[in-house]
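The values are calculated or read from the model by the stated rules, or taken from the named source; none is laboratory data. The model shown is predicted, which means the values in this text are computed figures rather than measured ones. Reconstructed Cβ throughout: ideal geometry from the backbone, glycine too, with neighbour counts over all protein chains shown. The area values use the complete protein model at the heavy-atom level, side chains included, leaving out ligands, DNA and RNA. Shrake-Rupley method; radii C 1.70, N 1.55, O 1.52, S 1.80 Å.
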Amino acid sequence: MRVAFLGLGIMGRPMAANLVKAGHEVTVWNRTPGKVVEGARSASSPAEAATGAEVVWMSVSDTNAVESVLFGSQGVEQSLAEGMTIVDSSTISPSATRKFAERVRSRGVHYVDAPVTGSKVGSESGTLIFIVGGDEAVIETLKPLFAAMGKQFFRMGETGKGQAAKLAMNLQIAIIYEGFAEALTLATKLGVDAETMLPLIQASMVRSGVVDYKAPFVLKRDFSPNFPLRLMHKDIHLALDAAKEARVKLPALETVEEIYEVASEDGYENLDYAATLTLLEKWAGVEVKGVSA
Ligand code: NAP
């Protein structure tokens, strides 16, 4: 298929590379020039990338970024053609998603929200899980593209519901990780180190995908960004905003948000969200020791 891929960040670049590898005709664009994907053509604007594309796929930071890529000067809107499909793999607001979809629908363009879970490792290995909202028949046409970049996709309902489900997923990741980090901090303070705790965690019902993914990084004290703290913080805000709109109270997430607020003030935005552990350590006056510590 002819695909325009917009946004070559931690997630987008490997996704575009996997589309090329699967034999699709890919044109890429990134706001900051200089990022390229081998085997793909590079365009100088979203409008240029989208010209002649059957599918326009986005992976950018947030709601404002999607709005500007679609509707800003030299945005995708200038190149919309009837029958085209826009797919958004960024994590953004469900209500803004519905508005964007409405605006392009009047031009005969389909809109599918397909945020992902699987992080950097999933993107690089082509094993992402897509959390999808949109028309069933349109989603059917995207199957070869989902297969090139991921291992599974789940349709959650109409447009906007992929984003809604994604926020509900990241809410859990943020809270589960903070539970893990608090547990390691307390155990360390009470004299049980992380390497002694981990086999117990993994053998019990406490085990989780979040712990499986994060424990090796924590043990190595590698807080380089797989999922930057600033983006998880953005998702926490999106979930709290959606909760407010729907009149839902999320007390645990509100508390986690306060930790992220302090972490951001302390300059952790570009580290992985796992770095929130170091705040807990600072407050407790301990360091969770890992293999190389
Ligand atoms: P990233 O590495 O920070 O990349 C962000 C991308 O968005 C870059 O290409 C950046 O362009 C572009 N961008 C930012 N603001 C823009 C704007 N105003 N206009 C146009 N482009 C703009 O982020 P990422 O980790 O790839 O994440 C991308 C999306 O996937 C986010 O919504 C994130 O929440 C979601 N996500 C990430 C993960 C993860 O583990 N990393 C997992 C699941 C979902 P520049 O190069 O010019 O800055």
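Taking region 267-293 as the range and being surrounded by fewer than 13 Cβ atoms within 10 Å (Cβ to Cβ) and either in a helix (DSSP H, G or I) or more than 23 Å from the chain's Cα centre (by Cα) (or both) as the test, the residues that pass are 283, 285, 291, 292, 293. Within region 106-117, at least one residue is farther than 20 Å from residue 3 by Cβ, open to solvent by less than 40 Å² (accessible area, probe 1.4 Å), within 15 Å of the ligand (Cβ to nearest atom) and touching a helix residue (DSSP H, G or I) at 6+ places or on another chain (Cβ under 9 Å).
Matching residues to (1) part of a strand (DSSP E or B); (2) at negative phi; (3) open to solvent by 20 Å² or more (accessible area, probe 1.4 Å):
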residue	(1), (2), (3)
103	no, yes, yes
137	no, yes, yes
140	no, yes, yes
144	no, yes, yes
147	no, yes, yes
154	yes, yes, yes
167	no, yes, no
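Only one of the numbered conditions (1) open to solvent by 30 Å² or more (accessible area, probe 1.4 Å); (2) in a helix (DSSP H, G or I); (3) out of contact with any helix residue (DSSP H, G or I) (no Cβ under 9 Å at 6 or more places or on another chain) is violated by residue 186, and that is (3).
Checked against (1) without any contact (Cβ under 8 Å) to a residue 60 or more places away in the chain; (2) open to solvent by less than 10 Å² (accessible area, probe 1.4 Å), residue 32 passes all but condition (2). Residues considered: 81, 50. Of these, the only one that is touching a Ser or Thr at 6+ places or on another chain (Cβ under 9 Å) and within 18 Å of residue 30 (Cβ to Cβ) is 50.
For the structure I just gave you, tell me whether residue 249 is in a helix (DSSP H, G or I) and at pLDDT 95 or above. Spell out the reasoning first.
Working: in a helix (DSSP H, G or I): no; at pLDDT 95 or above: yes.
It is false that residue 249 is in a helix (DSSP H, G or I) and at pLDDT 95 or above.
Of the residues in region 154-161, not one is of a type in the set (A, V, I, L, M), closer than 17 Å to residue 278 by Cα and modelled with pLDDT of 95 or more.
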